[in-house]
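Enquirer: Handing you a structure now.
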Amino acid sequence: MKDTPLSNCERTFLLKAIEERKRVDGRETYDYRNIKITFGMDYGFCIVDLGKTKVMSQVSCELAVPKETRPSEGILFTNVELSPMASPAFESNRQSDLLVKLNRQLERCLRTSKCFDMESLCVISGEKVWRINVDVHVLNHDGNLMDAVSIAAITSLSQFRRPEVSIQGRDVTVHTAEERDPVPLSIYHMPISVSFAFFQQGSYLLVDPNDREERVMEGLLVIAMNKHREICSIQSSGGIMLLKEQVLRCSKIASVKVSEITELIQKALENDKRARKDRGKFGFAESLPKERITALKTQEAPVEMKDIQETASAIISKAEVPLNTQAVRSPVVHAVGVGQVGEGVTSSWGLEEEEEEEEEEGDKEGEMEERTDKKKWKKGDVVVISDSEEEDVVMLNQ
Amino acid sequence: MAGIELLSDQGYRLDGRKATELRKVQAQMGVFGQADGSAYLEQGNTKVLAVVYGPHEVRGARSKIQHDRAVINCQYSMATFSTAERKRRPHGDRKSSEMSLHLKQTFEAAVLTQLYPRSQIDIYVKILQSDGGNYSACVNAATLAVIDAGIPMRDYVCACTAGFVDDTPLADLCHAEESGGGTSLAVALLPRGGQIALLQMDARLHQDHLDTLMEAAMTACKGVSKVLDEVVRQHLQETSVLTGE
């Protein structure tokens with residue numbers, strides 16, 4: 001299924017707003033959306049919310065034969081899946097350009113930057129090593145999948161624990177979680193990617209574009225860094241021409257953003273560790289009562305209601321009396337459920353006299369009137385509207 | 001780096017080059033008769049063939065037609081004998097798809113696609129021998145092929161890789177230097193305006209070194225552009241001599 005195309009007026013509106021340095025969702029140029037990190041019951045599972053973009057990541061491990069060229073190193077396998085529930089444009093079993101880009105970028109971000117110690121994953125050199133699988137699924141696409149995917153992947157890798165292994169000669173025993181505590185991976189650093197969207201031939205850039213901004217952008221620059229100000233990967237895409245100064249400026253902005261996000265991740269990891277130690281409730285069991293799983297629930301924002309009465313009356317007193325209004329007569333209540341405002345206009349439809357009376361009463365009242373009209377009419381009344389002998393127009397009473 | 005020393009004390013690299021020296025670039029245009037444009041380029045030991053068809057009617061998916069510009073379709077593949085170990089899957093794997101996307105993006109920025117609405121330009125690149133700098137050699141070869149096909153471009157698109165060892169930037173990396181685990185930056189540049197059409201970097205590099213590394217890569221690209229310019233002028237002279245002008 002194809003994505004709904006963006007209308008021209010929406011496109012011009014977005015571009016015009018960006019020209020005036022305004023973002024549609026009210027953020028500043030270098031602002032990220034709200035990032036929320038939730039962990040699950042198992043080690044190595046996390047869900048990351050970047051605004052409305054929702055991404056889920058799970059890390060698992062298994063024993064495997066190592067590569068011939070590197071017999072004493074573990075294997076890292078990353079896989080990003082675009083679930084069709086994320087966007088109408090995603091179809092299952094289709095290798096789209098976006099999927100290739102995300103996969104390659106995540107691979108480069110994690111594997112070539114050597115973010116964790118692969119040699120510690122070796123069990124028997126040349127025969128058995130641990131293979132770490134990182135599976136990331138995109139659950140909702142609202143722009144900037146790359147950043148969300150990288151945050152999810154590195155967070156779940158940091159939280160993951162693999163089973164403890166003991167070797168006696170050639171026998172390898174894998175201990176379950178009950179026998180021995182699982183061992184965390186030794187993470188050297190956390191590479192996090194920051195996306196910049198370019199507009200107006202590269203003269204204006206935005207950080208963390210949402211879905212709408214992504215559709216009208218001219219190009220994208222993704223910089224992956226860690227908090228030690230080391231750049232792990234740079235990738236430009238979309239066919240824009242960049243200048244060296246722009247790239248250097250982006251890398252400076254990225255270092256600031258990355259340190260903020262790394263702090264957030266560390267805090268989340270610590271909270272999770274604490275919750276597990278205190279045997280508090282965590283994971284999915286807690287997500288329903290705390291309403292964390294509900295994807296797009298907007299948080300309640302408190303509104304100041306104190307001086308509403310005074311402000312309202314002040315506005316009314318200061319307001320000018322509008323000109324050119326006919327004096328509206330106050331309504332007259334004849335009976336319960338019957339009201340009349342004004343005198344009405346004499347009907348020129350040529351109805352019988354009974355009906356003339358009904359017409360007079362409150363033709364400005366609408367519904368209520370109709371109901372009462374019908375009450376007054378006797379059942380079975382037939383109204384002849386026109387005198388013409390050619391047509392017999394009959395209005396049936398309900 | 002354990003084992004291989006990428007930069008000796010005297011400043012020589014593995015193949016005897018100095019830090020900022022490029023490999024020998026040799027190229028030939030118009031190698032195929034059938035194609036609209038073709039070129040063969042050797043950058044050191046990396047050998048690449050590029051072929052361009054177009055602009056022609058959009059074949060295949062009707063949905064790809066753009067009403068105001070030409071669509072560029074790139075395919076990157078490596079010959080099975082191009083690497084030390086026989087390559088099982090020459091196309092369709094993730095790395096090839098990513099390279100094809102990058103090539104497409106680079107040329108969409110450089111070619112004046114507005115002159116050919118509702119048409120398609122095909123660029124096919126094949127690596128015959130891979131010794132580092134695959135992407136750069138492909139871009140250089142494709143530039144020559146596009147010029148051979150007579151399709152107007154904004155400027156030459158030159159690409160080169162650069163690395164960083166012992167606080168010294170190295171230009172034009174070979175395979176051993178690329179896979180040694182150090183940084184490698186690939187830049188596709190339009191030399192006259194100094195505009196970067198594609199920027200790709202792998203492996204860790206401290207932010208402060210980014211400036212020097214990019215500067216080295218861009219200088220290397222300008223060097224490559226001189227060579228490409230020479231090749232084009234030579235080819236023009238040869239063909240004009242043959243047609244008796």
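Enquirer: What dipole magnitude, in Debye to the nearest 20, does segment A:114-162 give about its Cα centre under +1 on Lys/Arg Cβ and -1 on Asp/Glu Cβ? Mind showing how you got there, number by number?
Expert: Numbers: 5 positive and 6 negative charges, 47 e Å.
For this selection, approximately 220 debye.
Enquirer: Could you tell me which residue out of B:PRO152, B:ASN73, B:LEU128 lies farthest along the dipole of chain B toward its positive end? Charges go on the beta carbon: Lys and Arg +1, Asp and Glu -1, centred on the Cα centre.
Expert: With unit charges placed on the Cβ atoms, the residue in question is B:ASN73.
Enquirer: When a footprinting reagent is the concern and you count Cβ atoms within 10 Å, what order do A:LYS306, A:LYS16 take, fewest first?
Expert: Least crowded to most crowded, the residues run A:LYS306, A:LYS16.
Enquirer: Counting other beta carbons within 10 Å of each residue's own, what order do B:TYR135, B:TYR40 fall into, fewest first? The partial results should precede the final answer.
Expert: Working: B:TYR135 23, B:TYR40 20.
Going from least to most buried by this count: B:TYR40, B:TYR135.
Enquirer: According to a simple spin-label model (label point 7 Å from Cα along Cα-to-Cβ), what is the distance in nm between A:LYS252 and B:THR219?
Expert: Here the modelled spin labels are 2.3 nm apart.
Enquirer: In Å, what Rg and Dmax follow from the Cα atoms of chain B?
Expert: Spelled out, the Cα radius of gyration and Dmax of chain B are 18.3, 59 Å.
Enquirer: Something else now. What list of ³J(HN,Hα) values in whole Hz, one per residue of segment A:13-21 in order, does the Karplus curve 6.51 cos²θ - 1.76 cosθ + 1.60 (θ = phi - 60°) give from phi, with Gly and Pro shown as x?
Expert: Going residue by residue, I get 4, 4, 5, 5, 4, 5, 4, 8, 6 Hz, with x marking Gly and Pro.
Enquirer: Please list, in chain and number order, the residues 5+ apart from A:VAL183 or on another chain whose amide H is under 5 Å from its amide H, with Hs placed from the backbone.
Expert: Excluding prolines and chain starts, which carry no amide H, the hits are A:ARG162, A:GLU164.
Enquirer: Relative contact order for chain B using alpha-carbon pairs under 8 Å, separation at least 6, rounded to a whole percent? Intermediate values should be presented prior to the final figure.
Expert: Working: 511 pairs, mean separation 50.9, N = 245.
Relative contact order here is 21 percent.
Enquirer: Would segment B:124-204 count as rounded, prolate or oblate if I go by the C-alpha gyration tensor, calling it rounded below 1.5 in a/c and otherwise prolate when a/b exceeds b/c, oblate otherwise?
Expert: Cα axes put segment B:124-204 in the oblate bin.
Enquirer: Next up: Strictly over 24 Å apart at the Cα level, which of A:LYS257/A:LYS277; A:LYS114/B:LYS47; A:LYS67/A:LYS114; A:LYS16/A:LYS318 would you flag in this model?
Expert: Too far apart for the 24 Å limit: A:LYS257/A:LYS277; A:LYS114/B:LYS47; A:LYS16/A:LYS318.
Enquirer: Please list, in order along segment A:50-62, the HN-Hα scalar couplings obtained from phi with the Karplus expression 6.51 cos²θ - 1.76 cosθ + 1.60 (θ = phi - 60°), rounded to whole Hz, x for Gly and Pro.
Expert: With coefficients 6.51, -1.76 and 1.60, one gets 10, x, 9, 6, 10, 9, 10, 9, 9, 10, 9, 9, 7 Hz.
Enquirer: With +1 on each Lys and Arg Cβ and -1 on each Asp and Glu Cβ, how big is the dipole of segment B:133-192 about its Cα centre, in debye rounded to the nearest 20? Intermediate results must be reported in sequence, preceding the final value.
Expert: On the way: 2 positive and 7 negative charges, 69 e Å.
That gives segment B:133-192 a dipole magnitude of about 340 debye.
Enquirer: Moving on. So how much slack lies between A:SER96 and A:ALA335, counting 0.36 nm per residue of separation and subtracting their Cα-Cα distance, in nm? List each step's numbers first, then the result.
Expert: Details: separation 239, 0.36 × 239 = 86.04 nm, distance 7.04 nm.
Separation in residues times 0.36 nm, less the Cα-Cα distance, equals 79.0 nm.
Enquirer: Which whole-Hz ³J(HN,Hα) couplings does segment A:177-191 yield from phi under the Karplus relation 6.51 cos²θ - 1.76 cosθ + 1.60, θ = phi - 60°, glycine and proline marked x?
Expert: Here the 3J(HN,Hα) series is 5, 6, 5, 9, 5, x, 9, x, 7, 8, 8, 7, 7, 10, x Hz.
Enquirer: Can you show me the helix-derived [θ] at 222 nm for chain B, built from DSSP H runs with n ≥ 4 at -39,500 (n - 2.57) apiece and divided by the number of residues, rounded to the nearest 500.
Expert: Taken over chain B, the calculation gives -9500 deg cm²/dmol.
Enquirer: Roughly how big is segment B:90-148's charge dipole about its Cα centre, with Cβ charges of +1 (Lys, Arg) and -1 (Asp, Glu), in debye to the nearest 20?
Expert: Approximately 140 debye in magnitude.
Enquirer: Given that compact globular proteins tend to follow 2.2 N^0.38 Å, what is the ratio of the alpha-carbon Rg of segment A:12-149 to that value?
Expert: Segment A:12-149 yields a ratio of 1.30.
Enquirer: Determine, for A:CYS122, A:CYS115, the number of other Cβ atoms within 10 Å of each Cβ, and report the residues in order from fewest to most.
Expert: Lowest to highest Cβ neighbour count: A:CYS122, A:CYS115.
Enquirer: While we're here: For A:THR78, which sequence-distant residues (separation of 5 or more, or a different chain) have an amide H within less than 5 Å of its own amide H, given hydrogens modelled in the peptide plane?
Expert: Here A:VAL134 satisfy the definition.
Enquirer: Whole angstrom only: what separates the Cα centroid of segment A:232-250 from the Cα centroid of segment B:76-136?
Expert: 21
Enquirer: Oh, and also: Non-local amide H neighbours of B:LEU7 (under 5 Å, H modeled in plane, Pro and chain starts lacking H): which ones?
Expert: Close amide H contacts, sequence-distant or interchain: none at all.
Throughout, read-outs are computed from the coordinates displayed, never taken from laboratory work. Not measured: the values here are computed from a predicted model. Because the Cβ atoms are built from the backbone with ideal geometry, glycine has one as well, and the counts that use them run over all protein chains shown.
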